[in-house]
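Read-outs throughout are calculated quantities, based only on the coordinates presented, and are distinct from any laboratory measurement. These figures come from a predicted structure and were not determined experimentally. FYI the Cβ positions are ideal-geometry reconstructions off the backbone, even for glycines, and counts take in every protein chain you see.
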Amino acid sequence: MSRSNAICLIDADVIAFAGASIGQDKVKDDDGEVTIDIHSFKGVASYIVHMVDSIMEACKTEVPPYMFLTGADNFRFEVATIKPYKGTRDKDKPFHLANARAFIQSRYNTYTSKGCEADDLLAMSMSSYRKQDVPSIICTVDKDLLQVEGWHYRWEGHNFGEVMPHFVDSLGTLEGEYDEGISEKTGKAYKRFIPKSLKGDGWLWFMAQTLVGDVVDNIPGLEGFGAKGAYEALHDVQSKAEALDIVVSLYQEKYGDTFEERLTEQARLVYMITERDPKSPDGLKHWSLEYGKESAKD
């Protein structure tokens, strides 16, 4: 695909939060009390413009980007029954966050989600553009969107590198690493899976997320199941249907007759919605086991 005319679909939530965060500093007074030192918004605005320009340059496009922000409502808060969705997030937001969002909305073509997240709008937009054969690329550092088939770009952060535009296919991949060596205490050889090494994309990444959950968003996944188990269960599969069968079997083994209810909750929390459903109360096509089986036929 030529990316010279691609539309950048940018996760503006991340840029707005990062920009607002550099607009303030936490400082301690003589008594050790933490206060917030607020800076001018000018630096925040400059950061946002610089980030958008840099993303477009990396994606080699001059087509005006589309920005996506999360609105007030999100169905996942109601779906989560085991743990509160995003229940561990810091409730205190950067002072300039509302200003950063308003600046983005005033300067760029911006879409704000209703009933879901910006991530879902990005996924739906990519899926729609692919059906129309319109060149587009998802631009974010959020690993969840790597589920979505299509072109992706990841900019550099403070603890991760830039990933240039690359294509994620429908099945996707799953990667992991083991740490091997000789124990200094016992003198015996060991081989340990490195949990943070679990990475992936496409359908396999979505299936892995239903098993391991997401610590950042307070999603538990399959009880007692970790990154090593997900990697060993899924990394060698050859089809979407095979991956789904494995996940279903693991949930059945754990929860018996209630497996579908448990699996559906976890899957709906991690699944990026890719299409709308006029028959649904909120107009969104939510994941279900039946829908998953149909999707796995692709």
- Query: So how much slack lies between R130 and A98, counting 0.36 nm per residue of separation and subtracting their Cα-Cα distance, in nm?
  - Reply: 8.3 nm
- In nm, what is the difference between 0.36 nm times the number of residues separating S249 and I36 and their Cα-Cα distance? 71.6 nm
- Item | Stretch gain in nm, segment E261-T173, where the contour uses 0.36 nm per residue and the Cα spacing is subtracted | 29.0 nm
- Mean projected area (nm²) of the alpha-carbon convex hull when the chain is viewed from all directions: 19.9
- Nitroxide proxy distance, nm - points 7 Å out along Cα→Cβ at V216 and E162: 2.0
- Query: Most fluctuating residue of Q252, Q266, Q209 in a GNM of the chain with Cα springs under 10 Å: which is it?
  - Reply: Q252
- Task: Please report the relative contact order for the range 170-298, taking Cα pairs under 8 Å with a sequence separation of at least 6, and give it as a percent rounded to a whole number.
- Result: 20
- Note on the structure: The ratio Rg/Rh over the Cα atoms of the range 170-298, Rh being the Kirkwood inverse mean 1/r radius, stands at 1.05
- Message: Using the basic label-point model (7 angstrom from Cα toward the beta carbon), what is the S197 to S183 distance in nanometres?
- Response: 1.9
- Considering only the chain, what is the antiparallel percent among its DSSP beta bridges, to the nearest 5? 60
- Task: Take the alpha-carbon centre of the range 100-172, take the same for the range 36-50, and report the distance between them in whole Å.
- Result: 24
- Message: Cut-off 16 Å, label point 7 angstrom out along Cα-to-Cβ of E57: give me the residues of the range 159-182 whose amide nitrogen falls inside.
- Response: 162-165
- Message: Could you work out [θ]222 nm for the chain from helices alone, using -39500 (n - 2.57) per DSSP H run of at least four and dividing by all its residues? Round to the nearest 500 deg cm²/dmol.
- Response: -11500 deg cm²/dmol
- Counting DSSP beta bridges with both ends in the range 1-168, the antiparallel % (nearest 5): 40
- Task: Find the relative contact order for the chain and round it to a whole percent, using C-alpha pairs within less than 8 Å whose residues are 6+ positions apart.
- Result: 17
- Relative contact order (percent, whole number), the range 1-168, Cα cutoff 8 Å, 6+ residue spacing: 30
